[in-house]
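Since the structure comes first, as structure tokens, the remarks are kept for the end.
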Amino acid sequence: MIEDKNQQRTPLSDLGEFGLIDHLTKNFKITQKSTVKGIGDDAAVLNFENKKIVVTTDLLVEGVHFDLSYMPLKHLGYKSVIVNLSDVCAMNALPSQITVSIAVSNRFPLEALEELYAGIETAASIYNIDVVGGDTTSSASGLLISVTAIGIVEGNNEVYRKGAKPNDLLVVSGDIGGAYMGLQILEREKEVFKVNPNNQPDLEPYTYVVERQLKPEARKDIVKLLQDLEVKPTSMIDISDGLSSEIIHICKQSEVGCDLFEEKIPLDPTVISTCEEFNIDSTTIALNGGEDYELLFTISQADFPKIKGNPSLTVIGFIKEKEAGLHLVTRADTRIPIQAKGWKNFNA
Ligand code: ADP
Ligand code: MG
């Protein structure tokens, strides 16, 4: 549905490995003080002057993590950077460098990789990070992309999943469930397209959720905001798998329990209307959908006045003793245990 039949197709073999690397990386600029040497030697050289750094990596495989029939390559490049920057932010660190490794089959022409790298470059420039290396190789089938991200921690500001204490508040940034509903829209359009390739989908009413799926953002702004507000979360994680699974991670590692209030979960109106259209419960989607890349964290109650009223942050729960367990407190004031999957049955 996004394929352009008139596209030029230059075989990768025309450039050779080194020509390809040069071609793809020629636009990357170095902006970080900590980058001493970027692309072009056997290894990059970074200088963090006694600061702590965080390192994280992700591997994305075609057909497993992304589907190129509705994921434009430019968006894929952007998103593969974002998912890593989000992990850096979830440590309360600010991203500074990435490396990008790709394995490509000969099905991909140079123009496809140019698109992928245009997305990578856009993310690097928006988030102000340097691309300092990578690796390029061929694959028997499909595309693999692996990004490694590095970030800087100020002082002892790093925040772990472990650290939430009873009486802390559970806070989420932005709103959730959008990325999952965007995927439902794209998959529905893909099925329609298979039956009638001439059908032009009208995605306009779904712009917000489709963007949440195709062009997610890492909440670097929230890490900065928390620094400005002088709030150090007691624990933090990014929402890649869904709210319930992330809450379970925090509570398990912190050895605490939690009450999550259904009525507090922030949902965009488009998520609510799309859920109605698909006849699914929006709380189910918020809890079990994923890929929103918002930050979920706990703060001490003493810090509440500092975040109160901030439109980017919503208090959605309350940390309890471990023995209290993990519960969703519904609008009807019933208490449902939060489980990785099982609780879904309650709404069936
Ligand atoms: P080596 O043989 O040591 O692996 P390469 O020829 O693969 O070196 O890489 C040369 C330079 O280009 C290195 O700095 C490497 O980090 C960088 N590089 C290679 N592939 C990529 C890529 N896909 N994206 C960004 N940088 C890359
Ligand atoms: Mg190499």
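The values are calculated or read from the model by the stated rules, or taken from the named source; none is laboratory data. What you see is a predicted model, and the numbers here were worked out from it, not measured in a lab. As a convention, Cβ positions derive from the backbone with ideal geometry for all residues, glycine included, and neighbour counts pool all protein chains shown. For the accessible areas, the whole protein counts, side chains as well, though only heavy atoms, and no ligand, DNA or RNA atoms are used. Shrake-Rupley method; radii C 1.70, N 1.55, O 1.52, S 1.80 Å.
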Practice problem: Please indicate, with yes or no, whether at least one residue in region 294-309 is farther than 25 Å from Q213 by Cα and at pLDDT below 95. | Solution: yes
Quiz item: Pairs under 6 Å by beta carbon, first residue of a type in the set (K, R) and outside any strand (DSSP E or B) in region 314-343, partner surrounded by 14 or more Cβ atoms within 10 Å (Cβ to Cβ) and modelled with pLDDT of 95 or more, six or more apart or different chains?
Solution: K322/V256; K322/G257; R331/E262
Exercise. Have a look at T137, T122 and point out the one that is out of contact with any Gly (no Cβ under 6 Å at 6 or more places or on another chain), within 16 Å of ligand 1 (Cβ to nearest atom) and not in a helix (DSSP H, G or I).
Key: T137
Quiz item: Restricting region 84-114 to residues that are assigned to a helix (DSSP H, G or I) and within 22 Å of S34 (Cα to Cα), which is farthest from ligand 1 (Cβ to nearest atom)?
Solution: C89
Quiz prompt | Pairs, first assigned to a loop (DSSP other than H, G, I, E, B) in region 298-311, second buried (at least 16 other Cβ atoms within 10 Å of the Cβ), C-beta under 7 Å, six or more apart | solution = S300/D168; S300/T234
Quiz item: When you scan region 166-264 for helices (runs of 4 or more DSSP H) that lie fully inside it, which ones turn up with 1 or more residues that are surrounded by fewer than 23 Cβ atoms within 10 Å (Cβ to Cβ), among the basic types (K, R) and out of contact with any Leu (no Cβ under 6 Å at 6 or more places or on another chain)?
Solution: 178-195, 220-228, 243-254
Quiz item: In this structure, is A164 within 16 Å of ligand 1 (Cβ to nearest atom) and of a type outside the set (K, R)?
Solution: no
Quiz item: Pick from region 27-41 the residues that are at pLDDT 95 or above and among the basic types (K, R): which of them is farthest from ligand 2 (Cβ to nearest atom)?
Solution: K33
Practice problem: For residues that are within 13 Å of ligand 1 (Cβ to nearest atom) and in contact with a helix residue (DSSP H, G or I) (Cβ under 6 Å, 6 or more places away or on another chain), tally how many sit in region 140-150. | Solution: 2
Quiz item: Would you say L267 is in contact (Cβ under 8 Å) with a residue 24 or more places away in the chain, open to solvent by less than 10 Å² (accessible area, probe 1.4 Å), of a type outside the set (D, E) and touching a Gly at 6+ places or on another chain (Cβ under 9 Å)?
Solution: no
Practice problem: Give region 6-21 a look and list any residue that's open to solvent by less than 100 Å² (accessible area, probe 1.4 Å) and either within 16 Å of ligand 2 (Cβ to nearest atom) or within 17 Å of G77 (Cα to Cα) (or both), or say none. | Solution: L12, L15, G16, E17, G19, L20, I21
